[in-house]
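The values are calculated or read from the model by the stated rules, or taken from the named source; none is laboratory data. Here the structure is a predicted model, which means the values were calculated and not measured. Cβ placement follows ideal geometry from the backbone for every residue including glycine, while neighbour counts extend to all protein chains displayed. Ligands, DNA and RNA are stripped out before the accessible areas are found, and what is left, the full protein with its side chains, is counted by its heavy atoms. Shrake-Rupley method; radii C 1.70, N 1.55, O 1.52, S 1.80 Å.
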Amino acid sequence: MNEALLPFLGGPWQLSMGLRRLEPDDWLVINAQHARQMRERERLLAERRGEVVAAVAGSEPACAEVLALLVEFLPRRFPERWQQADGALVDRLDERRIELGSEPPLVTAGRLVQEDLCVMRKGPEGYELAAAVLCFPSHWSLAEKVGQPMARIHAPVPGFDERLGPTADRFLAALTAERPVWRINWAISETDELFLPAHRARRPFDPEQPVERQLHLRIERQTLRRLQRSGDILFTIHTTVTPIGTAIAKSSHARALAERIREMPERMASYKGFHVMGPPLLAWLDRLAGDELPAGGPG
């Protein structure tokens, strides 16, 4: 797996934004999971639109700007796949035609890319989630978060309010269109399902079954960019889910992941589910790393 997408290799664990400068041509990516993910996005938009699409009044100009960005970017960056044709974008590899004027712009945008698309707008309490097409949430609900400021959106994250809240607000206020950024978020999941809303219960972990048959590394490649015309911020989330046995294929990767889990404060480890899966996962990682370390618990 691409080591740039394994943020735990850098160590030690800390609660930080971990931002890096984004080269314009690297804004959005297409990977081997593209066909599967686009089928799932179409299914969710057809069957569960009320759960994956939301917008507040006044977000329409920003949503139209997002679609215009994609219509310009995709054929230029991926000409072997995308071409414009009579009011549509055509995906020549997957044989899909996306009409550009048949539905709300952000919904059309959500049919074009693997990324989830979230528009953030300045409000009285800081930047708020103004609109989104969010097909692949990781245990949160779009309906509960739309219209809410960053502090309330991230309230369940241990330490966010004290450690990151003010920093995040200052960063968003200073973000310019000329200097987009990206970051990586990671988690260990008991399922390879992409659509994990807040109300979905975690799949029980069976300590009697091999770890590598149950757990998956869930990576979110996130980008942030200021929209030039509206002045709002576009936040994109590209989710990749890989079986843990495939993702952690080197002893050095196993050692680094075990170290990061052990370094986490207890509240964060529990929030990420390691109070249940942590001991068997650590034992497996230690065997893979070839270390003589106690399985123990994270902390």
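Electrostatic bookkeeping for Asp86 treats Lys and Arg as +1 and Asp and Glu as -1; over the other residues with beta carbon under 14 Å from its beta carbon, the sum is 0.
Expressed as a whole percent, the accessible area of segment 164-252 that falls on carbon and sulfur atoms is 49 (1.4 Å probe). Based on alpha-carbon atoms, the Kirkwood radius and the radius of gyration of segment 1-68 give Rg/Rh equal to 1.06.
Amide H contacts of Leu196 (H built 1.01 Å from N, in plane; Pro and chain starts excluded): His139 sit under 5 Å, all sequence-distant by 5 or more or on other chains.
Shape class for segment 1-141, computed from the alpha carbon gyration tensor (a ≥ b ≥ c): oblate, with a/c not under 1.5 and a/b at or below b/c. Size of segment 44-96 from its Cα atoms: along the principal axes, largest to smallest, the extents are 35, 26, 19 Å. The alpha-carbon of Lys272 sits under 24 angstrom from the alpha-carbons of these lysines, leaving out residues fewer than 8 places away in its chain: Lys145, Lys250. Probing with 1.4 Å while keeping every protein chain in the model, the per residue accessible area of the chain equals 46 Å².
Computed on the chain, the Cα convex hull volume stands at 132 Å³ per residue. Computed from Cα positions, the angle between helix 251-263 and the longest principal axis of the chain comes to roughly 90 degrees. Charge dipole of segment 49-108 (Cα centre as origin; +1 on each Lys and Arg Cβ, -1 on each Asp and Glu Cβ, all else neutral): 160 debye, rounded to the nearest 20. For segment 13-140, the fraction of 1.4 Å probe accessible surface lying on carbon and sulfur atoms is 51 percent. Three semi-axes describe the equivalent ellipsoid of segment 197-279; taken as square roots of 5 times the Cα gyration tensor eigenvalues and ordered largest first, they are 30, 16, 14 Å.
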